[in-house]
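The structure under discussion appears below in the form of structure tokens.
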Amino acid sequence: MLDVLFFQVKSLYFPKISPWIFTGLFLLMAFQYDYDRILFEPPQSIHQWRQADCLSLTMNYYQDGNPFFQPSMHYLGIDGTGKTVSEFPILYYLVGKIWTITGKEVWVYRLMVLLLFLIGLLALMKTIEVEIENSVAGIFVGLLLFTSPVLVYYGGNFLMNIPAFSFACLGLYQFFKFKASGMHRHLGLLLFFFTLAGLLKVSALLSFVAICLVYLIDVMRLRSKHHRIFQGTWKEGLGLLSVFVISYMWVRYAQGYNAQHTGGIFLIGILPIWDLSYETIAKTYEYVADRFIWDYFMPYIEKFLAICAIIVLIFYRGIESSVRFIFGMMCIGALAFIVLFFEALMHHDYYIIDLYMLVPILLLATFMVVKAKVPLLYRSWILVGFLIWMTVRSFQFAQDRLYERYDFQGWRNHDHREVFHAFTELEPTLQKLGIEPDDRVLSLSDYSINITLYLMNRKGWTDYGISMDPERIKDKIKLGAQYLFIANPRTYEHESVQPFIHGKIGHYRNIDIYRLNEIDFYR
């Protein structure tokens, strides 16, 4: 009777063709997300500020030939050099080198991030597939992550969070390969990928910390011999420790480099909850709660994941011990991350990306429980159909959300449309006015660090750190600012700007251009 009710799937495991099926579905979804257009779009919409920073670092590697360990950006900072750094600049440097062949093409950058994301999700898919011998479940988990509005938006963007997440996915895949085979080449690849992840974003080491705790348990012989993954040798311990050491060395270098040149641009530290007032904590919570509805997953997917967590909690004994332990430690690590970076969660949705690693481990644990407790359901068309239905619905939700973020006429693109976009077309006007690529400029309608400077490819300063202060404007003139750009009529409302707008030399769309004469310094 049950066999008739739960129509059984003949085979759920097809590892030879599953990567091709997954890649094909991923590319189909990417096309439906309109990535064929998005790949060619300039930085815009949510966190255009941070996007421009990443592109500025890349552009300076490309056009200035900066040494690898001396990155710089268009914003020249307090010392006039523009030298500053955040993440390990391997991708900035690599894209800059590719641009020497292709020319400055944003699609190269976006495509590289998207391909890394695809490879990372492929690794997660294979991890799930092999662990439970279920290709359908593996494909579902990988594609489900590609229906999160946040991951879809940054999956083809310029920030380093997705590359860091992808390298962590590859590291986790190598851990499970090492667990199954005991071959140290997989341990070596594990260390390599997690090192890259940690250099890009230390917070991407969430799953690696859990793996290190597995090593400590095996060293202390707290599990039976046939359950141990690590032999507990000092070489294994030294290798695991090296990931933290290398990440720490980079952080120390970045802090020293920024202190020597332009610090305070990027966060290299924490923003803990205990430094906040009750009112700020409450407001941040409201922002995060709103994103649970619109940005992290479709609400019914979040409810499904909550049910999965309850199932895992109740039937935890049906989960393979390493998976159970890693998931538990990652949950603790996620809570610690939220506490340490709580302030950033208000306005920075990309900070949550590292926590998405919990989703595949949770679903792996859930499938293990279902396989052990309800085998008829596990192999039924009912479950397969349910997974397909959830993926399709979640995909449609993400598609709508991505459209909103890239809608040129939408409110998310208001500043880009009304103020910044004209700078993408400004180069002919600059050439006509004789403003050379090396001339330093001041862009006072720009509250960010690099948006307008990057878009017109001129180095100088924005209103960031100036706040329309005439004395600070004079300081920038002293450092070599020769031209002033005003792109927002509201900028003229500041009386402090008036002494510097007597030498208008040009206009394009919403942008007025002034020459900063020496007399401006003495006004």
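Every number here is computed from the coordinates shown, using simple stated rules; none is lab data. Note that the structure is a prediction, hence the values are computed from the model and not measured. Quick reminder, even Gly has a Cβ in these numbers, built from the backbone with ideal geometry, and neighbours come from all protein chains shown.
For G506, the amide hydrogen comes within under 5 Å of the amide hydrogens of I513, counting only partners 5 or more places away or on other chains and with H modelled in the peptide plane. Within the chain, DSSP assigns beta bridges of which about 55% are antiparallel (rounded to the nearest 5). With the convex hull of its Cα atoms as the shape, segment 287-354 has an orientation-averaged projected area of 5.0 nm².
Compared with the direct C-alpha span, the chain from F192 to K16 gains 60.8 nm at full extension, assuming 0.36 nm per residue. Helix 48-64 and the long axis of the chain differ in direction by around 70°, with both axes built from C-alpha atoms. Computed from Cα positions, the angle between helix 234-260 and the longest principal axis of the chain comes to roughly 10 degrees. Beyond 17 Å, the tail of the calculated P(r) for segment 398-523 holds 56 percent of the Cα pairs. In this label model, W107 and R37 are separated by 1.5 nm, measuring between points 7 Å along each Cα→Cβ vector. For L271, L191, the sequence from fewest to most other C-beta atoms within 10 Å is L271, L191. Compared with the dominant principal axis of the Cα atoms in the chain, helix 161-181 is inclined by about 20°.
For S467, S56, S242, the sequence from fewest to most other C-beta atoms within 10 Å is S467, S242, S56.
Taken over the chain, the alpha-carbon convex hull comes to 164 cubic angstrom per residue. Dipole magnitude for the chain: about 1960 debye, using +1 per Lys or Arg Cβ and -1 per Asp or Glu Cβ, origin at the Cα centre. With the charge dipole of the chain set up from +1 on Lys and Arg Cβ and -1 on Asp and Glu Cβ about the Cα centre, the Cα lying farthest toward the positive end among the listed residues G232, L124, P489 is that of G232. When the charge dipole of segment 418-522 is built from unit charges on Cβ atoms (+1 for Lys and Arg, -1 for Asp and Glu) and taken about the Cα centre, the candidate among G465, Q498, I435 whose Cα reaches farthest toward its positive end is I435. Taking the DSSP bridge list for segment 418-522 and keeping only pairs wholly inside it, about 55 percent are antiparallel. Cβ crowding within 10 Å ranks E129, E279, E105 as E279, E105, E129, fewest other Cβ atoms first. The packing ranking, built from the mean of other Cβ atoms within 10 Å per residue, places the peptides 281-291, 117-127 in the order 117-127, 281-291, highest first. Greater than 19 Å separation of Cα atoms is the criterion. Which listed pairs, K16/K126; K126/K201; K104/K432, meet it? Cα-Cα > 19 Å for K126/K201; K104/K432; rest within.
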